[in-house]
1. Out of Asp50, Asp33, which single residue is surrounded by fewer than 20 Cβ atoms within 10 Å (Cβ to Cβ) and without any contact (Cβ under 8 Å) to a residue 12 or more places away in the chain?
2. Go through region 9-52 and give me each residue that's outside any loop (DSSP other than H, G, I, E, B), under 15 Å from Glu74 (Cβ atoms) and not aromatic (Phe, Trp, Tyr).
3. Please indicate, with yes or no, whether at least one residue in region 102-124 is surrounded by 13 or more Cβ atoms within 10 Å (Cβ to Cβ), among the polar types (S, T, N, Q) and modelled with pLDDT of 95 or more.
4. Under 6 Å between Cβ atoms, at least 6 apart or on separate chains: pull out the pairs that start in region 84-104 with a residue that is without any contact (Cβ under 8 Å) to a residue 60 or more places away in the chain and end on any residue that is open to solvent by less than 40 Å² (accessible area, probe 1.4 Å) and assigned to a loop (DSSP other than H, G, I, E, B).
5. Confirm whether Val70 is assigned to a strand (DSSP E or B) and loosely packed, with under 15 Cβ neighbours inside 10 Å.
6. Considering only region 73-88, state which residues are under 18 Å from Trp10 (Cα atoms) and open to solvent by 50 Å² or more (accessible area, probe 1.4 Å).
7. Would you check if Thr97 is in contact with a Gly (Cβ under 6 Å, 6 or more places away or on another chain) and modelled with pLDDT of 90 or more?
8. So which of Ile12, Ile5 ends up being modelled with pLDDT of 95 or more and either loosely packed, with under 14 Cβ neighbours inside 10 Å or among the β-branched types (Val, Ile, Thr) (or both)?
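The values are calculated or read from the model by the stated rules, or taken from the named source; none is laboratory data. Note that the structure is predicted; figures quoted are calculated from it, not measured. Methodologically, a virtual Cβ is constructed for each residue, glycine included, from the backbone with ideal geometry; neighbour enumeration extends over all protein chains shown. Ligands, DNA and RNA are excluded from the accessible area calculation, which covers all protein heavy atoms including side chains. Shrake-Rupley method; radii C 1.70, N 1.55, O 1.52, S 1.80 Å.
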Amino acid sequence: MTLTIWVDDWQIQCCGQSFAPGDVVSWTLLEVDPEDYADVVGREGADEVDFREEHHGQGEGRAPTSVEVVSIVEVHCRYGVPPGATDKVNHPVPGTTVLVPVTEADGWAKTRPDVSFAGYLVTARRAPDGPKGGAARGL
């Protein structure tokens, strides 16, 4: 059985470690409301997100879960102020998602026209062992 895990761009840029398919990583996984990801990854993609990776305190008290990375997809989308908004805060613009399969995640992505890098959709499966591969090498 596979899991789909959202990894925010800033989480890995700040203090995460690079990872690639085949690596076993140890992450704190928090359950998500798929509705929170609908504008970023699209309605269909959001329904498949099971967890989000967290390592900035919100998962305190939860044991990390070892998972083997199966595949990685960069998620890019356009951001803008929603029509009628009074707070002038940029949000993902629905329908602008661009998905790019990649062979490694390091928190940075090639610039793409008209969209910004938002994070990764990682397909993984629970692993019986601890970290190995990129996470163990400290990449």
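1. Asp33
2. Asp9, Gln11, Ile12, Gln13, Val40, Val41, Gly45, listed by residue number.
3. Yes - at least one qualifying residue is present in region 102-124.
4. Sorted first by the residue in region 84-104, then by its partner, the pairs are Thr97/Gly42.
5. So Val70 fits the description; yes.
6. Arg78, Tyr79, listed by residue number.
7. Yes: the conditions hold for Thr97.
8. Selected residue: Ile5, the only one of Ile12, Ile5 that is modelled with pLDDT of 95 or more and either loosely packed, with under 14 Cβ neighbours inside 10 Å or among the β-branched types (Val, Ile, Thr) (or both).
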